[in-house]
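This report refers to the structure that appears directly beneath it.
FYI, it's all coordinate maths here, none of it is from the lab. For clarity, every value in this text was computed on a predicted model and none was experimentally measured. FYI the Cβ positions are ideal-geometry reconstructions off the backbone, even for glycines, and counts take in every protein chain you see.
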Amino acid sequence: MDTPTPTATDDLLVVEDLSVRIDTSRGPIDPVQHVNLRIPRGGSLGLVGESGSGKSVTAMSITRLLPRRNVHLTSGRILLEGRDLSTLSERQLRGVRGGQVATIFQEPMTALNPVFTIGNQMAEPLRRHMGMGRRAARDRSRELLDMVGIRESARVLDSYPHQLSGGMRQRAMIAMAMSCEPALLIADEPTTALDVTTQLQILDLILDLQADHGTAVLLITHDLGVVAQTCDEVAVMYDGRIQETAGVADLFARPQAEYTKRLLSFMPEGRGRVADALHLDEPTPVDEPAPPAEQPGDDPQDADNGAPALLQVRDLVKTFPGRRVGGRRSEPVHAVRGVSFTVPRGNTVAIVGESGSGKSTTGRALLRLHEPTSGSVTFDGQDLLGLDDAAMRQMRARMQIVFQDTYASLDPRWLIGKTLAEPLRLHTEMTAAQIEERIAEVLTLVGLEPAHADRFPHEFSGGQRQRIGIARALLLDPDLVVCDEPVSALDVSVQAQVLDLMKDLQDRLGLTYVFISHDLSVVEMMADHVVVMSHGQVVEQGSTEQIFTAARHPYTRALLAAVPVTDPSQRHNRSQRREIVERGIAAAGDGQAA
């Protein structure tokens, strides 16, 4: 029987000199090296780092959730209330998991069993750890779903995971995690896959549960803005080692480690303007109804930048027919409903919205990758919807797209050089030597080397693959590039580099961008004009300055309020932010367009 080891009386969790080794086919790697962490009872620690830093391996090592056949703790102790978890048997650990320590994962669909209802999965820990009967477990499950803000809890209990939205699944996961009132909640990137307004609601929920139940929280994230708004202390991790640990206010005001300073420098400047944009320290915007939104017709052609229009979109509609399921056809999906905007030559117009807003469908409809149902798209004076297929293929040489996941758009069996040569063969009469020369030129233009043409997609990092995607878009010297969430899957430092590259290329080549994003802080850095979409409609549009200093539609204000601000002093505005988000979501749900 293991004997608890004395620790400081207020420390719930102490990680001492933790090192982890993973055996791989290429030899052992050490993703965690000599890590030290402390979390007091009821406290919160943010463990911050980019992809590959070792933060998730550290978190999963606490409850030994990593496979034991090839993962080994090579040094250190993990003390929970003085008890060394690293010495426990698998049977003893099962008593700790879900009981004393609960974990929330980034993607609930990978953690929830798809063949069991939410109710069955919530009842299991209550019956195992709390000894409840079937009826008592169901009643408690309903209480927990009510606690995390899920309405119609009875319906949700009888639903399967795939029948719930991402935010609903994450709330159910949190309810399940809190069911046995754990002393420690480990939240591993709990909001990364969620829309920004849902992210704010989930983080607020975790904070409320922490305050109400005295639960300690270990929050794993790559987002310093999330940490600034939620955690007491921060540990910054890089290459398997802790670079710096400090109170959240001290770290943001006086970072010591060079890596921390770099991370902070990469955060988009727009995050610092959100409080000013919403006037959160003034009572009027919260206590009074929002003024009428700007008219959807207030688009860039009315702006005073003087640039001629390259692209004009008027009353664009895209409706997908219903699917035939079990002999019946479902209702059609009205993805884009009467969208209008103008893109001046050499400018960037951003289309902003959350999942299901219609922004990506709009971007694809501009290029007729989705055939519009009605409306008009005029490019450099030519009606694109009137072109036959052959003429449209030729026009696409001047209209290119950069996708969110470049890896999915690259053939894994082809060398990069072959992939890049394809559009040149289709649209030009270049010789093989000229094609090779053009590929080398464009790879150099995006910060890569000509020799990279002889590699396969899997041999590149995410940032390098996105540069390849940009290179492919530039091969034919286009006038317009549609950028569909081009940096949302990248670490913040790589994101900053890619955005800087895109701005530099625009200045050098005179490119025009339609920039599709859910992140207003990135949009503020890139765009001249912003179009805000919700449920397939434009609810507000205006210059970037107008949107960021005088947003009028409740949904636009909700998007701004939900952006995590890298300033811990703004925490006192939390309740105001929540109210703005709730009003905006309600307005969007009611279909309030300007």
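At full extension, residue 113 and residue 493 could sit 133.3 nm farther apart than now, given 0.36 nm per residue minus the alpha carbon distance.
Ignoring chymotrypsin sites (Phe, Trp or Tyr not before Pro) that are buried or in helix or strand per DSSP, and keeping those with at most 15 other beta carbon atoms within 10 Å, what is the longest stretch of the chain between them?
In the chain, the maximal stretch lacking such sites is 117-413.
Mean residue ellipticity at 222 nm, helices only, the chain: -11000 deg cm²/dmol; runs of at least 4 DSSP H residues each add -39,500 (n - 2.57), and the sum is divided by the number of residues.
Please report the antiparallel percentage of DSSP beta bridges with both residues in the chain, rounded to the nearest 5.
On the way: 49 of 86 bridges.
If I count the DSSP bridges inside the chain, around 55 percent turn out antiparallel.
Axis of helix 462-474 versus longest Cα principal axis of the chain: the two differ by about 10°, to the nearest ten degrees.
Candidates 347, 412, 523 compared by Cα position along the dipole of the chain: farthest toward the positive end lies 412, with charges placed on Cβ.
Close amide-amide hydrogen proximity is noted between residue 515 and 349, 350, 351, 483, each under 5 Å apart and 5 or more residues distant or on a separate chain (H modeled in the peptide plane; Pro and chain starts excluded). Under a 5 Å amide H cut-off, with hydrogens placed 1.01 Å from N, residue 217 pairs with 43, 44, 45, 185 among residues at least 5 apart or on other chains. Among beta bridges from DSSP that stay inside the stretch 11-266, the antiparallel ones total about 55%. Using a simple spin-label model with pseudo-atoms 7 Å out from Cα toward Cβ, residue 579 and residue 41 lie 3.5 nm apart.
With each label modelled as a point 7 angstrom along the Cα→C-beta vector, the residue 376-residue 425 pair spans 4.0 nm.
In percent, what relative contact order does the chain have, based on Cα pairs under 8 Å that are 6 or more apart in sequence? It would help to have the intermediate numbers written out before the result.
On the way: 1169 pairs, mean separation 94.1, N = 594.
Relative contact order of the chain: 16 percent.
For the chain, the Kirkwood estimate of the hydrodynamic radius, built from every pair of different alpha carbons, is 26.1 Å.
Computed extension length for residue 87-residue 454: 127.2 nm, one decimal, from 0.36 nm per residue of separation with the Cα-Cα distance subtracted. The peptide list 131-137, 333-339, put in order of mean Cβ contacts within 10 Å with the highest first, becomes 333-339, 131-137. Computing FRET efficiency as 1/(1 + (r/R0)^6) for residue 29 and residue 211, where r is the C-beta to C-beta distance and R0 is 45 Å, gives about 0.70.
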